[in-house]
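Enquirer: Handing you this structure, nothing more for now.
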Amino acid sequence: MRRAGVSPDRLVVVYDDADSTAAARVWWSLRYFGHDKVRVLDGGYRAWTEAGLSVTTEEPEIKPGDFLATPGRLPVLDAEGAAELARGGVLLDARSAERYRGEQEPVDPVAGHIPAPAVPRRPGTWVSTDGSCRRGCSASGSASSAPRTRPTSAPTAGPG
């Protein structure tokens with residue numbers, strides 16, 4: 001992250017060119033490791049280009065940052081903890097419905113889902129088909145005034 005120019009006091013905006021899944025993983029990882037100033041670009045690269053903002057193929061010169069990753073800033077569960085949670089809480093499978101049903105498995109060694117009342121992610125639940133955050137979504141999952149980053153100006157750091 002330091003090679004990408006990340007510093008604890010500098011805002012980081014992450015994006016991808018699909019449905020923001022990869023960007024969400026980077027957002028979560030940065031938050032987990034202690035970076036509080038991170039946002040996901042609403043709609044990703046597609047929204048950037050559709051807004052008519054400039055793009056380039058040139059590699060930027062990046063000044064190294066001084067971010068020091070400290071794990072544990074967000075809660076996590078091990079398999080036993082997830083099994084316990086599934087008895088009285090909600091276990092949400094964030095993979096595609098096809099992977100949940102075991103119809104397609106390009107990554108995991110075993111197809112299917114955890115045998116609990118796990119709920120599969122439905123396309124368009126949080127992110128619209130164009131990759132933008134559906135109205136009212138936020139990092140906490142509730143309607144709020146949580147900061148959302150929309151494409152408005154050129155980025156100041158390196159590749160996303």
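The values are calculated or read from the model by the stated rules, or taken from the named source; none is laboratory data. Keep in mind that what you see is a predicted model, and the values were worked out from it rather than measured. Glycine also receives a Cβ, built like all others from the backbone with ideal geometry; neighbour counts cover every protein chain displayed.
Enquirer: Would you check if there is a residue in segment 53-63 being within 27 Å of residue 74 (Cβ to Cβ) and touching a residue at least 60 places away in the same chain (Cβ under 8 Å)?
Expert: yes
Enquirer: A further question on this structure: Name, by its number, the condition in (1) acidic (Asp, Glu); (2) within 16 Å of the chain's Cα centre (by Cα); (3) within 20 Å of residue 132 (Cα to Cα) that does not hold for residue 50.
Expert: The number of the failed condition is (2).
Enquirer: Follow-up. Name the single residue that is farthest from residue 1 (Cα to Cα) among those in segment 34-66 being surrounded by 17 or more Cβ atoms within 10 Å (Cβ to Cβ) and hydrophobic (A, V, I, L, M, F, W, C).
Expert: Here the answer is 47.
Enquirer: Looking at 116, 79, 86, 22, can you tell me which residue is without any contact (Cβ under 8 Å) to a residue 12 or more places away in the chain and touching a strand residue (DSSP E or B) at 6+ places or on another chain (Cβ under 9 Å)?
Expert: 22
Enquirer: If we keep just the residues of segment 5-28 that are farther than 13 Å from residue 68 by Cα and among the small types (Gly, Ala, Ser), which is surrounded by the fewest Cβ atoms within 10 Å (Cβ to Cβ)?
Expert: The qualifying residue surrounded by the fewest Cβ atoms within 10 Å (Cβ to Cβ) is 18.
Enquirer: Turning to a different aspect of this structure: Filter segment 67-104 down to the residues that are at pLDDT 90 or above, out of contact with any helix residue (DSSP H, G or I) (no Cβ under 6 Å at 6 or more places or on another chain) and either loosely packed, with under 11 Cβ neighbours inside 10 Å or not small (Gly, Ala, Ser) (or both) and list them by number.
Expert: 67, 68, 70, 71, 72, 75, 76, 77, 78, 79, 80, 103 - these are the residues of segment 67-104 that are at pLDDT 90 or above, out of contact with any helix residue (DSSP H, G or I) (no Cβ under 6 Å at 6 or more places or on another chain) and either loosely packed, with under 11 Cβ neighbours inside 10 Å or not small (Gly, Ala, Ser) (or both).
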